[in-house]
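Note sheet for the following structure.
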Amino acid sequence: MSDTLESRLNESFRDALVAYYLSEVVPNDPMLKRLGLDQRLKTANDLYEFFLLDNQVSNEVQTSYVASAMSSLQQLINGTLLGMEPGYETLLPTEARFVEWRERSSQYPIWAANMQLALYPEIYISPALRLKKSGYFTQLENDINQNRINVDTTQDAVKAYLASFEEVANLTIINGYIDSDRFAEGKYYFIGKSRAENIYYWRTVDMNERAYQEGTEGAKFDNPTPGAWSDWKRAEIGINANTLERTIRPVYFNNRLFVTWVDLVHVTEQVAITLPEGTVKPGADGSIPITPPADIAPLMVITPNVRLVFNISYKKYDDSWSAPQIYMDVTTPNVFTRAGKAVNLENDLSSIAIFDVSYPHHKPHLAKNEGLV
């Protein structure tokens, strides 16, 4: 039988089946009578709206019982969500539920992926499928893949990974900075110090990367996702033994990360040594005058003054750091009295680093605080 003849026969059978259902089944079906549909189902379009099956489709469309059932079910759900189904005109879902259906549940691949994440989390934590990996783990993968895998090369790669991890595992947080006045959506910058060595590190966390409590809009959870955190990276910023650790502060300005700190240097001065002339009486034969030698070196003594050097360094685009630049250099007494309170700069000095957006030309500001409450 030719395709054309078969198509004509199938479409004629379709029309006959629709006509039979409308003329014989609808008037006599008890359920349709009870629902009052025997007076509403009069045309092929009425049947389509009731069964959600296309009864006017041509023979060229290839389908199956399962595909037709899935299509009808999806159309029913969409009609319900849009308020087009009888009884659901006012019972609309929440906006979050609607968005969740539109962007996730209505698409099988996305729905299946979400179900796998919920039921089989080990699939997500597979290293091959992770989208965000730490630099240390990426280096571990590269070290293992560079050579033929054996016990020695794998052990060396794992040891190097553990050494890198141990380097940043027990850092002490020195200070932090947030680049927005919306704390729940800003980006935080942290400065940390190694407990074993005098090495400083920096990292960030983007609080905007928080999971939604429902769907893809609306309220979010308080905690950021693990991928919101960056790696700890070394900050080679020229901090030395004279640096007051509590004054190390990050600040984000002009799309760059800056770090400021204060060096406190005790001021010394030379003091000339003058020995008085004297006489020594070794015996009864007279006195011998003593003259101090002229080449006695001057003595270096510590004065009550200190030199405060405000330094600033910024991170370059390749993650290296600029040479320290002196922002302010002042000399002042180390101990003084303010508002009836004794202030010791070496113990009480702190600093503030902010990004002031109130100025026409945005600029960073550095300030010091000497023991004020």
Those strands (runs of 3 or more DSSP E) lying entirely in segment 164-261 with at least 1 residues basic (Lys, Arg): 187-194, 200-206, 249-253
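One line per residue, one yes/no per condition, for (1) in contact (Cβ under 8 Å) with a residue 60 or more places away in the chain; (2) within 28 Å of residue 213 (Cβ to Cβ):
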{"site": "55", "(1), (2)": "no, no"}
{"site": "81", "(1), (2)": "no, yes"}
{"site": "100", "(1), (2)": "yes, yes"}
{"site": "111", "(1), (2)": "no, yes"}
Subset tally (residues that are touching a Ser or Thr at 6+ places or on another chain (Cβ under 9 Å) and among the aromatic types (Phe, Trp, Tyr)) for segment 69-105: 1
Would it be correct to say that residue 343 is at pLDDT below 90, over 30 Å from residue 203 (Cα atoms) and surrounded by 15 or more Cβ atoms within 10 Å (Cβ to Cβ)? yes
For residue 250, are the conditions met, namely being modelled with pLDDT under 90, under 30 Å from residue 208 (Cβ atoms) and not β-branched (Val, Ile, Thr)? no
Going through segment 299-335 in order, the residues found to be part of a loop (DSSP other than H, G, I, E, B) and either modelled with pLDDT under 90 or not polar (S, T, N, Q) (or both) are 316, 317, 318, 319, 323, 324, 334
Residue 56: passes all of (1) assigned to a loop (DSSP other than H, G, I, E, B); (2) over 30 Å from residue 30 (Cα atoms) but (2)
Only one residue in 22, 32, 41, 47 is assigned by TED's automatic domain parsing to the domain that holds residue 86 and not in a helix (DSSP H, G or I). Which one? 41
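The values are calculated or read from the model by the stated rules, or taken from the named source; none is laboratory data. Just so it is clear, the model here is predicted, and its values are computed rather than measured. For neighbour counting, all protein chains shown are included, and Cβ atoms are generated from backbone atoms with ideal geometry for every residue, glycine included.
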